[in-house]
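Here the structure is laid out as structure tokens; the discussion comes afterwards.
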2 protein chains.
Amino acid sequence: MAQRLESALEAVIARAEAPNAPPLLAAALRHAVFPGGARVRPQLCLAVAQACGDDAPDLADAAACAIELLHCASLVHDDLPCFDDAATRRGRPSVHALFGAPLAVLAGDALIVMAFDALARAGAGAPARLPALLTTLTRGVGMPGGIVAGQAWESEPSISVEAYHRAKTGALFVAATMSGALSAGADPHPWRALGDALGAAYQVADDLADAVLTEADLGKPTGRDAALHRPSLVAELGLMGAYGRLKDLVAEAVDSIPPCDGADDLRALVRLQATRLAPKSLARSAA
Amino acid sequence: MAQRLESALEAVIARAEAPNAPPLLAAALRHAVFPGGARVRPQLCLAVAQACGDDAPDLADAAACAIELLHCASLVHDDLPCFDDAATRRGRPSVHALFGAPLAVLAGDALIVMAFDALARAGAGAPARLPALLTTLTRGVGMPGGIVAGQAWESEPSISVEAYHRAKTGALFVAATMSGALSAGADPHPWRALGDALGAAYQVADDLADAVLTEADLGKPTGRDAALHRPSLVAELGLMGAYGRLKDLVAEAVDSIPPCDGADDLRALVRLQATRLAPKSLARSAA
């Protein structure tokens, strides 16, 4: 599954490296996407597609690619000087640190466009599935409740923590599970709960990592939530309270998986990924 | 036609103003889209759709909306401090001047997503037309040869003037004519030449305006090409040389219109819009 995803992403990035393309932007796009992080969202998309029969694998690959490209776009823009001003990402220089803010803005824009392009190309083989797939993605990233809305809550004078977390993290996990189902021709609605629970779990894990890990552990600056006065579940529930909430959310995710041929495999995958979520020091303290 | 477009854009912006949306980003989106400029590109898209029979008007409206939203997104990002740092646009404060750079970045991102969302929603009624419509738009705005590529050429140490102009301006005009045809179920290829010629004409007109008009005339800063050492046809051909090139391109555009029921109306529209292109002082000097 991992190899399938990397090949699909490679094909997308290679298309942007055409001879007539501006070379620095092409290089910035490759830097933004390779080598990847855990690729959690697109793997989840593919895992749901497989659980639903995966009868149109090119479309599932494209949906997974689109999810990852949109995630990478949000990271590139979040790292900009006007937001987090993060010099590192995944243990390497961030896109703006290496290529400058102008190319980082454009790289994010290009990645968003490439996400829809990947889906449109694969959708030519199954156009009837395309409208719902597209709107599932636009809901996950756009206004009023997707990633950009989540990021925009940080610019509001008063902030709804639940709307903030749901939009900034949860919405793309929901898009991942639902688009996985849609790419395989299945009803997406029973898959919303899995995306919701995993998105919430990742948000808690992210807050925990930001609070207890160092920049060397994580490959990006930490302690940012406190420094930027961003709402955090650690601030609200304390470290062990937040850790308990993470475990509950993973259990909720596993229980939410609807009956389907691949349900057992998917439950095993979710449990496996969950073990990687919590900072090791906390897992030891809680054991 | 103008009313039809404004209503479609209004519906898109209203969807982003949902009760759960971050209010400042919603306001920034409205500011970026209303009141509009000349809406040249989406009008061109609708005019071609009408010339081709306009048998799916909702899809044509969505294509025109998408073209305008992508254009607005590029303006919002071009005005950012890290690019042109323009405080005014259409005679009013630019989005970043009024809402700050973070919300301007996010507004551009959201507008890109909204463009594809509008197309996906309307495409549910004619999904077979959707893949080509989408890829026509992604080619116009994405890598390797769309708007973002055009903007990225400004960050390259050496620049191909032709690739720069074709990508920064021409590509979206080509997307406008071809998507107009596609939305009406027509072959898009005979419409490429019209988009190419008009895109080139607008780039010349833009260079002329930047060279001879004042900020008060134009509602945005002028003299930027020279100040930023950007390639300009005025620098290359002189004022009257560039004006002559503009007239040639308009004639080329009119001649390129393929045989179709609405060809006469479309030729009249192109000639009418062309009279608005050149700064009046130049038209007088050349008369």
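In units of the compact-protein estimate 2.2 N^0.38 Å, the stretch B:1-139 shows a Cα radius of gyration of 1.05.
Among B:247-254, B:231-238, A:97-104, sorting by the average number of other beta carbon atoms lying within 10 angstrom of each residue, highest first, gives A:97-104, B:247-254, B:231-238. Shielding by partners for peptide B:150-157, expressed as the average number of C-beta atoms from other protein chains within 10 Å of each residue's C-beta, is 6.
Taking the label point 7 Å along Cα→Cβ, A:R284 and its counterparts in the other copies are spaced 8.1 nm apart, in ascending order. Each Cα pair under 8 Å and six or more residues apart adds its separation to the average, and for the stretch B:59-113 the resulting relative contact order is 38 percent.
Based on the Kirkwood approach, the hydrodynamic radius assigned to the stretch B:167-287 is 15.2 Å, with every pair of different Cα atoms included. Straight-line cross-link partners of B:K220 among the aspartates and glutamates, defined as a Cα under 18 Å from its Cα and at least 8 positions apart when in the same chain: B:D78, B:D79, B:D84, B:D85, B:D206, B:D207, B:D210.
Tally Lys/Arg at +1 and Asp/Glu at -1 over every other residue whose Cβ is under 13 Å from the Cβ of B:L134; what's the total?
Counting the neighbours of B:L134, the net charge comes to +2.
Residue-normalised convex hull volume from the C-alpha trace of the protein assembly as shown: 132 Å³ per residue.
Here the peptides B:143-155, A:7-19 are ranked by packing, the mean other Cβ count within 10 Å, and the order with the highest first is B:143-155, A:7-19. The mean sequence distance of close C-alpha pairs (under 8 Å, at least 6 residues apart), as a share of the length of chain A, puts its relative contact order at 19 percent.
Here the extension length gained between A:R30 and A:R224 equals 67.2 nm, from 0.36 nm per residue of separation less the Cα-Cα distance. Among the residues of B:161-168, the average count of other protein chain beta-carbon atoms within 10 Å of the residue beta-carbon is 1.
Got the relative contact order for the stretch A:44-141 handy, in percent, Cα pairs under 8 Å and 6 or more residues apart?
That works out to 30 percent.
Sorting A:185-193, B:216-224 by their mean Cβ neighbour count within 10 Å, with the most densely packed peptide first, gives A:185-193, B:216-224. Relative to its residue count, the stretch A:163-221 spans a Cα convex hull of 86 Å³ per residue. Screening chain B for whole DSSP H helices of 20 Å or more along their axis (Cα) with average Kyte-Doolittle hydropathy at least 0.5 returns B:57-78, B:101-123. Mean partner shielding of peptide A:128-140, defined as the number of other chain Cβ atoms within 10 Å of each residue Cβ, is 5.
The Rg/Rh ratio of chain B, with both radii computed over alpha carbons and Rh defined as the Kirkwood radius, is 0.95.
Starting from the label point of A:D248 at 7 Å along Cα→Cβ, the same points in the other copies fall at 7.3 nm, in ascending order. Looking at the square roots a ≥ b ≥ c of the eigenvalues of the Cα gyration tensor of the stretch B:58-139, which shape do they give, rounded for a/c under 1.5, prolate if a/b is larger than b/c, or oblate? It is prolate, given that a/c is not under 1.5 and a/b is the larger ratio. Cross-link partners for A:K247 among the lysines, with Cα-Cα distance under 22 Å and sequence neighbours closer than 8 places in the same chain left out: A:K168, A:K280.
Close amide H contacts of B:T88 (hydrogens built in the peptide plane, cut-off under 5 Å, sequence separation of 5 or more or a different chain): B:S94. The gain in end-to-end length when the A:S7 to A:E236 segment is fully stretched comes to 78.3 nm, 0.36 nm per residue minus the alpha carbon separation.
Each reported figure results from applying straightforward, stated rules to the coordinates on display, with no laboratory input. What you are looking at is a predicted structure, and each value in this text was computed from that prediction instead of being measured. So basically every Cβ, Gly included, is an ideal-geometry build from the backbone, and we count neighbours across all protein chains shown.
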